[in-house]
Amino acid sequence: MTDKNDGARLDKVLEVRRWKEQSEIQALVDAQEAVTEAEETLARLRAEWSTLRRGMNEASAAVVGQLQALTLMMEQLERGIELADRARNAAAHRVSRQTDSYLEAHAERRAVEKARDRRETRAQLARKEREQKRDDEIAMERYWRGDGTMNSGDRG
């Protein structure tokens, strides 16, 4: 009865470990998507900055007010680029943490699976030993019920 309880307990622990591993995988995917989005935002902002910079170079003879407006826009884009770069770095750090968490959850699940497999192997061996013992007892009982010798085909 204890073996059945241990088996049920291991199965429940394994189920929890699988759920945790799946949760960590989803969190990792979410973190990777955040990195991708941050990189796309950063690339877009840098492209806008480059476009604006080219526009400023071409508009050198333009009205001073227009150059001031372009300068202000470039400063805003530079702040946006800085924030986007920080967001990307934070997202990349999150990916690293989530990767570690996933690998830990995966290792835990594998350890429980191995423990369950070892328990099942021991249970199978114990069953086979019981069956062999039963078969041996039946054979011995048949032998002793007879005349104390093996069946007639075995006599010399």
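The values are calculated or read from the model by the stated rules, or taken from the named source; none is laboratory data. All values reported here derive from a predicted model rather than from experimental measurement. Every residue, glycine among them, receives a Cβ derived from its backbone with ideal geometry; neighbour counts consider all protein chains shown.
Miscellaneous remarks
- Residue in region 1-43 that is surrounded by the fewest Cβ atoms within 10 Å (Cβ to Cβ), counting only those that are aliphatic (A, V, I, L, M) and free of Cβ contacts under 8 Å to residues at least 12 places away in the same chain: Met1
- When Arg110, Arg79, Arg97 are screened for being under 17 Å from Trp49 (Cβ atoms) and surrounded by fewer than 16 Cβ atoms within 10 Å (Cβ to Cβ), only Arg79 passes.
- Verdict on Ala87 being under 30 Å from Glu108 (Cα atoms) and not β-branched (Val, Ile, Thr): no
- Ser23, sole failed condition from (1) more than 30 Å from Ile81 (Cβ to Cβ); (2) more than 13 Å from the chain's Cα centre (by Cα): (2)
- Flag for Glu108 being at pLDDT 95 or above and within 27 Å of Asp6 (Cβ to Cβ): no
- In region 103-123 there is at least one residue matching the filter, namely being charged (D, E, K, R), more than 26 Å from the chain's Cα centre (by Cα) and closer than 30 Å to Asp11 by Cβ.
- Yes/no for Arg119 being part of a helix (DSSP H, G or I), out of contact with any strand residue (DSSP E or B) (no Cβ under 9 Å at 6 or more places or on another chain), loosely packed, with under 13 Cβ neighbours inside 10 Å and not hydrophobic (A, V, I, L, M, F, W, C): no
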